[in-house]
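Only one structure is covered here, and it is reproduced in the block below.
The values are calculated or read from the model by the stated rules, or taken from the named source; none is laboratory data. Predicted model only: the values in this text are computed from it and were never measured. A quick note on method: Cβ atoms are made from the backbone with ideal geometry, for glycine too, and the neighbour counts reach across all protein chains shown. Heavy atoms of the whole protein, side chains included, go into the accessibility calculation; ligands, DNA and RNA do not. Shrake-Rupley method; radii C 1.70, N 1.55, O 1.52, S 1.80 Å.
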Amino acid sequence: KAGVTQTPRYLIKTRGQQVTLSCSPISGHRSVSWYQQTPGQGLQFLFEYFSETQRNKGNFPGRFSGRQFSNSRSEMNVSTLELGDSALYLCASSLVLAGKDTQYFGPGTRLTVL
Amino acid sequence: QQQVKQSPQSLIVQKGGISIINCAYENTAFDYFPWYQQFPGKGPALLIAIRPDVSEKKEGRFTISFNKSAKQFSLHIMDSQPGDSATYFCAAGYGQNFVFGPGTRLSVLP
């Protein structure tokens, strides 16, 4: 079974631009979570989608948004990019069954904001 | 209450030694405690996980010890190998709400 895939793997943007990242979960997984990873702040939860609905949201500004499609694929959008948005953005998918809440991570998208 | 504390920040162990990483949580609603291993340039990969109804879980060289009353859990890596050199994250979660520790950078010397 294929793992979580994220595209693109690397991205360079300039301040003020916007960016869209994509995540395809493991087949059959209906929950997709997004995380931001930086050396200073570690892994921080952005939001989680299940059946096209955002169920949980972390403490990030409204410039960070996401959506999930009917095939469970998810996109994350960051508008008006700031230098501090440079990070590894990780997507994780989960089956969401009782006793099987394990999240499986993709390789991440490395975003650099210049 | 959502914080997960992890120590040490970095750890150097000789090949064949035991690596021990500790984590502590505050929110008693957490009911799932996974450990992830991350190599540079890769996403975190699930290593081993435990639920609070057991005090210990072992998978190969990796063991989680869980102390529910103290709200602490730890990862033990027996017979540590240079290939184990990576960053390790503990996490605590309920449902799809996960909080991660800051990570421990493990270096295993040959």
Can you pull out every residue in the range B:1-32 that is assigned to a loop (DSSP other than H, G, I, E, B) and hydrophobic (A, V, I, L, M, F, W, C)? B:Ile18, B:Ala29, B:Phe30
For A:Leu46, indicate whether it is surrounded by 16 or more Cβ atoms within 10 Å (Cβ to Cβ) and closer than 26 Å to B:Gly103 by Cβ. yes
State the number of residues belonging to the range A:48-67 that are touching a strand residue (DSSP E or B) at 6+ places or on another chain (Cβ under 6 Å) and at the interface with chain B (Cβ under 10 Å from one of its Cβ atoms). 6
Given the conditions (1) touching an Asp or Glu at 6+ places or on another chain (Cβ under 7 Å); (2) open to solvent by 20 Å² or more (accessible area, probe 1.4 Å); (3) at pLDDT 95 or above, report the number of the one that B:Ile12 does not fulfil. (1)
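Just checking: which of the strands (runs of 3 or more DSSP E) contained wholly in the range B:40-86 hold 2 or more residues that are in contact with a Leu (Cβ under 8 Å, 6 or more places away or on another chain) and more than 14 Å from every other protein chain (Cβ to nearest Cβ)?
Details: elements: B:45-50, B:56-59, B:62-67, B:72-77.
Ranges flagged: B:62-67, B:72-77.
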Which of the residues that make up the range A:2-21 are open to solvent by 40 Å² or more (accessible area, probe 1.4 Å), out of contact with any helix residue (DSSP H, G or I) (no Cβ under 7 Å at 6 or more places or on another chain) and more than 11 Å from chain B (Cβ to nearest Cβ)? A:Ala2, A:Thr7, A:Pro8, A:Ile12, A:Lys13, A:Thr14, A:Gly16, A:Gln17, A:Gln18, A:Thr20
Quick check on my filter: what residues within the range A:85-114 are of a type outside the set (A, V, I, L, M), open to solvent by 40 Å² or more (accessible area, probe 1.4 Å) and modelled with pLDDT under 95? A:Gly99, A:Lys100, A:Tyr104
Exactly one of A:Ser79, A:Ser70, A:Ser24, A:Ser86 is more than 10 Å from chain B (Cβ to nearest Cβ), within 22 Å of B:Phe89 (Cα to Cα) and among the hydroxyl-bearing types (Ser, Thr, Tyr), and that one is A:Ser86
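Would you mind finding the one in A:Phe69, A:Phe64 that is over 19 Å from A:Thr5 (Cα atoms), surrounded by fewer than 21 Cβ atoms within 10 Å (Cβ to Cβ) and either of a type in the set (A, V, I, L, M, F, W, C) or modelled with pLDDT of 95 or more (or both)?
Details: A:Phe69 fails: over 19 Å from A:Thr5 (Cα atoms).
Of the residues listed, the single one that is over 19 Å from A:Thr5 (Cα atoms), surrounded by fewer than 21 Cβ atoms within 10 Å (Cβ to Cβ) and either of a type in the set (A, V, I, L, M, F, W, C) or modelled with pLDDT of 95 or more (or both) is A:Phe64.
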